Every structure is written in C-alpha cells, then in structure tokens.
Amino acid sequence: MNFKYFEYIENDEMSFGANVGDFITILGEKNKEIVDNLMYKTPNEYIVINYAKITNKTIDKLRRLVTFSCFSMFETFLAETVRDELAYGLESLAIPKHEMMSRIESISIMFGLTKVLEKSPKSLSDSAKVKLSLASCLVTNPRILVIDNMLSLLDENDKEKVYKALKQYTKNNGIILNFTTEIEETLLGTDIIITSDKKVLLSGNTMSVLNEEKLMKRLGYSLPFIIQLNKYLKDYELIRDYNLSYESLVKSIWI
C-alpha cells in the first residue's frame, strides 16, 4: 500500500491531519478520547487513510499501518525475554527468521537494548521498559506511531538515544503522534496541536505555536524553559536566533 496521508476527523472543529515525516505533539483535554478512537476501542469513522475512511470492513488496514506505545499498556509484556518481546510482532507478520534476527539486532542497537535481550521485560527499569515498548513498535516498520504519555518516563541517560531514534523514524517517512501532558516534549516535534473537549484550540508549526505566548498562557500552558530563556536573551539582544539545545545556546552567547 502506497501510504501518503492520515487524518482524524470528528467534525469541522475537531480534526487534524498528518503527512509522512510529521512529528506532532498533542496536548489537551481530548487526548484520552482521541487515543481510544485511534485504537478503535469503539467503532467509529473518524480515521482517514489516504483519503478513505476506516470502517469495520477496512479495520485491518489501520492495524497494519498504526502501532501504539501507551502508558495504559506499560506493564503489558507477552514474552519471557526482551528478545522474544521484540520478535512477537514480527512473528505475527510472518517475517522470515533471518530478517527477524536482523531487525531485532538493529532495533536493539538503536534503542540500547543489546545488553538486556535475554532478561525478563518485567525486570527492567521504567526507562528501559519505555525503550522496549517503542522498539517493539518500530521493529515492525509501521507507518504511524502513536505515543501516549510514555516519554516522560525516560531517564536522562536514555532520552538522547530515544529522541534520535524517533526523529530518524520520521525521516524515513513515518508519522509520530505524541500525546502528552509535558510541554517540554513539544520541542521534539515538527508541529503542535492543543485540544479542548470539543475542538482544536491551536495548531501549527512548533515554533509558531510556541511564539503565541499570550494565547498559550490563556490556555494554561507555560513555555518550555529553554524557549523562555531564549526569549529573555533576545530581549537583551544577547542572541539573534532561537537555539533549542543548551549547548548551541551557550555557543551563540559567546560568539
């Protein structure tokens, strides 16, 4: 299937779309309901793939394209070892054994799981469990990855590796929908969507949304700390452009 486009449409005021390569951070009161609808817990016709609505008759198309890493499934591991957990989804797709082994090796390196392949998933730290959940999703090469309140569980040592892996996934024509309550996670993505229980309140390119400081505050969101710091330094003409890493920010101050 030549996948091109995804859209979620409840009505004119509650809808959003995504193209390959998008990394969208979604904040707001509607998050749980949207995730449940994407998981098709209750049959609906809100999900559009390549401009065609998903229905009961075409639900298998959605299941082949979309995978989920959700806090609600955080402790739901099906296998005795990390290796077997990574293999589970590949086995259900009838992937040949040699290709399966190659994919498991590659994804384990990408997420830093090589040293725990023979351990029980239940014995891992919370941060390692998040890495395993994400790796188990991406090893099957989905077109859309839905993340629901998982990234905040990563420890500082794992964040850089995981963020790099997720950004590489979108560069390879994947789509990420990251549902979160953490404003700092908006800096990972290309776009931001803020919802209420009835409609999309604000959406757009990440930096254009974060520049709507007054509106963000009115909606109850503070800016990520590094954005606040950039604004402060720009006001004092210490920097000209935004720097989204502390390393580049320090360099720009001293140039």
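The values are calculated or read from the model by the stated rules, or taken from the named source; none is laboratory data. Remember, predicted model here, so these are calculated numbers, not experimental data. Every residue, glycine among them, receives a Cβ derived from its backbone with ideal geometry; neighbour counts consider all protein chains shown. To get the accessible areas, we keep the full protein, side chains included, count just its heavy atoms, and leave off ligands, DNA and RNA. Shrake-Rupley method; radii C 1.70, N 1.55, O 1.52, S 1.80 Å.
Brief remarks on what is shown
- Pairs meeting the criteria (first residue in segment 172-199 and farther than 26 Å from Asn141 by Cβ, second residue surrounded by 20 or more Cβ atoms within 10 Å (Cβ to Cβ) and among the small types (Gly, Ala, Ser), beta carbons under 7 Å, at least 6 apart or on different chains) are Ile194/Gly28; Thr195/Gly28; Ser196/Gly28.
- Number of residues in segment 36-64 that are in contact with a Phe, Trp or Tyr (Cβ under 9 Å, 6 or more places away or on another chain) and under 29 Å from Val116 (Cβ atoms): the value is 2.
- When the residues of segment 99-150 are filtered to those that are hydroxyl-bearing (Ser, Thr, Tyr) and in a loop (DSSP other than H, G, I, E, B), the one that is farthest from the chain's Cα centre (by Cα) is Ser120.
- Leading residue by the ranking (farthest from the chain's Cα centre (by Cα)) among those in segment 1-49 that are within 19 Å of Asp60 (Cβ to Cβ) and aliphatic (A, V, I, L, M): Met1
- Only one entry of Ser245, Ser203 meets the criterion of being at pLDDT below 90 and either open to solvent by less than 30 Å² (accessible area, probe 1.4 Å) or among the small types (Gly, Ala, Ser) (or both), and that entry is Ser245.
To keep it simple, each residue is scored yes or no on (1) assigned to a strand (DSSP E or B); (2) open to solvent by less than 30 Å² (accessible area, probe 1.4 Å).
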site	(1), (2)
Asn44	no, yes
Thr55	no, no
Leu62	no, yes
Thr67	yes, yes
Leu78	no, no
Arg83	no, no
Ala87	no, yes
Glu91	no, no
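- For segment 115-138, the criterion of being open to solvent by 20 Å² or more (accessible area, probe 1.4 Å) and at positive phi is satisfied by no residue at all.
- Considering segment 1-20, the residues that are outside any strand (DSSP E or B) and open to solvent by 40 Å² or more (accessible area, probe 1.4 Å) include one that is nearest to Val146 (Cα to Cα), namely Val20.
- If the condition is being of a type in the set (A, V, I, L, M, F, W, C), part of a loop (DSSP other than H, G, I, E, B) and under 30 Å from Gly17 (Cα atoms), then segment 226-255 contributes only Leu244.
- All told, Leu219 falls short of being of a type in the set (A, V, I, L, M) and more than 27 Å from the chain's Cα centre (by Cα).
- Meets criteria (open to solvent by less than 30 Å² (accessible area, probe 1.4 Å), in contact (Cβ under 8 Å) with a residue 60 or more places away in the chain and either among the charged types (D, E, K, R) or under 29 Å from Ala128 (Cα atoms) (or both)) for Asn37: no
- The set of residues from segment 21-34 being closer than 18 Å to Asn173 by Cα and surrounded by 16 or more Cβ atoms within 10 Å (Cβ to Cβ) comprises Asp22, Phe23, Ile24, Thr25.
- Single condition Ser196 does not satisfy, out of (1) surrounded by fewer than 15 Cβ atoms within 10 Å (Cβ to Cβ); (2) modelled with pLDDT of 95 or more: (2)
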